[in-house]
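These notes concern the structure reproduced below.
The values are calculated or read from the model by the stated rules, or taken from the named source; none is laboratory data. Please read all numbers here as calculations on a predicted model, not as lab measurements. In this analysis, Cβ positions are derived from the backbone assuming ideal geometry, glycine residues included, and neighbour counts consider all displayed protein chains. Heavy atoms of the whole protein, side chains included, go into the accessibility calculation; ligands, DNA and RNA do not. Shrake-Rupley method; radii C 1.70, N 1.55, O 1.52, S 1.80 Å.
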Amino acid sequence: MTQQEVRRSADQVLSLAPDSVSRKAGSKLGVPGRWFDAGCSREGVVWGGGSPEEGAKGPVGEGGSGLADPEAARRRAERRAERITAGAAELEQRLADLLRSGLATAERSGYGLWEETAARMVDAQAPGLASRVRELDSVVASGPDWPTRLLEECALLHLLSRGWQHRERLPGPLAATVRTRVGLPSAPAGPPVRDHWLVLAQYDLTDPRLTTRRIWLYGIGSGRTALVLSYGPAGRAPDLALPVGLALDAELSAHAGSGRLRATLGERFAAPAPATVRPPGVTTAGATVRYGEALRDDPWRESIPVTLDDVVPVPDGDGWQVADASGDTALPLVQGPAGRSGLWRLVALSGGGPVTVFGESGHRGFTPLTAWAPGSGEAVRL
């Protein structure tokens with residue numbers, strides 16, 4: 001599989017099944033041992049030979065339903081949209097029932113309440129809705145103010161559900177964002193952009209079924225920031241790996257929706273090379289303004305990529321914050337993928353002085369990912 005193609009998770013592929021019987025049958029085929037001579041073309045056609053009891057070798061296409069057929073794909077898309085609409089309506093009813101009975105019932109019901117609702121969204125082929133529903137369980141156990149946070153998250157779910165049901169009336173970019181948020185796969189849209197892309201950060205997120213690698217890039221010529229995702233089976237690192245601090249001459253194709261931050265890496269013209277360029281930074285107040293502007297276009301966005309310039313990590317009670325060296329504003333620091341060791345690396349690099357830090361800024365605070373010391377120092381992963 002080339003890097004230009006979109007690699008989908010097992011859940012995303014199984015969600016394309018038209019019914020539970022097909023889903024169950026497909027899940028049995030989703031193991032490497034059931035196939036031989038598997039491969040794919042640059043056009044996206046995949047093939048493989050099943051085991052003798054499963055038939056002869058031949059092209060299977062996406063979802064195992066034969067070669068790509070535009071009419072069949074259109075009908076599948078329509079059926080899936082109908083299922084998602086039904087699931088969104090059911091979710092609306094469940095949220096209304098929760099508010100009618102009182103938020104306190106969520107605490108008494110335990111994890112089963114959310115897991116059962118999330119399973120219904122998976123059946124409706126809306127993995128994005130299912131994921132957000134599962135996160136509600138952690139909100140209930142998040143501290144004394146959990147009812148307020150739960151109400152906020154329920155409101156965002158309600159907004160997303162209504163957005164899907166009225167997506168035809170939304171502006172194009174917002175409709176694309178809604179489709180992505182409910183769990184429909186996105187594809188590159190528009191011509192690729194060739195640039196020297198500085199690798200700002202790279203880290204992995206894992207769950208029981210999948211490893212997701214997030215790679216942040218900054219276009220030295222275009223000034224664009226992009227997120228490239230790569231996936232691998234649970235417990236295994238994805239194939240794509242780019243060294244932080246180096247720049248690569250390559251093409252990127254942006255996806256529609258969510259501010260067009262998501263991108264697919266295309267042709268690479270040279271190996272990554274050292275770069276002394278750093279992305280332009282903003283103050284902590286500027287980062288907050290940017291996050292607010294991003295929420296206007298995508299209310300479900302957890303965070304945005306941002307570079308903070310001339311900031312100092314300082315203690316704040318039991319935690320830490322990153323404060324402007326020449327101002328009076330600060331953002332709370334959130335532990336990054338490396339945990340507290342990343343925080344200590346940032347504090348050691350700073351030594352009490354200003355540094356430049358790239359990370360993700362959202363409603364929980366600022367998650368540092370990479371830092372640069374003053375002068376011409378190299379990028380330090382946090």
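When we screen Leu170, Leu156 for residues that are touching a residue at least 12 places away in the same chain (Cβ under 8 Å) and open to solvent by less than 60 Å² (accessible area, probe 1.4 Å), the only hit is Leu156.
Could we say that Ala275 is over 30 Å from Ser326 (Cα atoms) and either at pLDDT 95 or above or among the hydrophobic types (A, V, I, L, M, F, W, C) (or both) here? Write out each step before concluding.
Values: over 30 Å from Ser326 (Cα atoms): no; either at pLDDT 95 or above or among the hydrophobic types (A, V, I, L, M, F, W, C) (or both): yes.
Taking the combined requirement at face value, the residue does not satisfy it.
In the set (1) modelled with pLDDT of 95 or more; (2) of a type in the set (D, E, K, R); (3) open to solvent by 50 Å² or more (accessible area, probe 1.4 Å), the condition left unmet by Glu360 is number (3).
Set side by side, the residues Glu251, Glu360 differ, and just one is among the acidic types (Asp, Glu), closer than 30 Å to Arg132 by Cα and either in a loop (DSSP other than H, G, I, E, B) or touching a strand residue (DSSP E or B) at 6+ places or on another chain (Cβ under 8 Å) (or both), which is Glu360.
In the set Arg296, Arg301, Arg340, Arg290, which member is open to solvent by 50 Å² or more (accessible area, probe 1.4 Å) and either touching a Leu at 6+ places or on another chain (Cβ under 6 Å) or in contact (Cβ under 8 Å) with a residue 40 or more places away in the chain (or both)?
On the way: Arg296 fails: either touching a Leu at 6+ places or on another chain (Cβ under 6 Å) or in contact (Cβ under 8 Å) with a residue 40 or more places away in the chain (or both); Arg301 fails: open to solvent by 50 Å² or more (accessible area, probe 1.4 Å); Arg340 fails: either touching a Leu at 6+ places or on another chain (Cβ under 6 Å) or in contact (Cβ under 8 Å) with a residue 40 or more places away in the chain (or both).
Just one listed residue meets the conditions, Arg290.
In the range 222-251, the residues that are under 22 Å from Thr307 (Cα atoms) and touching a residue at least 40 places away in the same chain (Cβ under 8 Å) form Cβ pairs under 9 Å with partners that are assigned to a loop (DSSP other than H, G, I, E, B) and among the β-branched types (Val, Ile, Thr), at six or more places apart or across chains, as follows: Ala247/Ile220; Ala247/Val277. Filter the range 224-245 for residues that are buried (at least 17 other Cβ atoms within 10 Å of the Cβ), among the aliphatic types (A, V, I, L, M) and over 16 Å from the mean Cα position of the chain (by Cα); which is farthest from Thr180 (Cα to Cα)? So, considering only residues that are buried (at least 17 other Cβ atoms within 10 Å of the Cβ), among the aliphatic types (A, V, I, L, M) and over 16 Å from the mean Cα position of the chain (by Cα), the one farthest from Thr180 (Cα to Cα) is Val244.
Scanning the range 100-128 for residues that are loosely packed, with under 15 Cβ neighbours inside 10 Å and either under 17 Å from Cys154 (Cβ atoms) or at pLDDT below 90 (or both) yields a count of 12.
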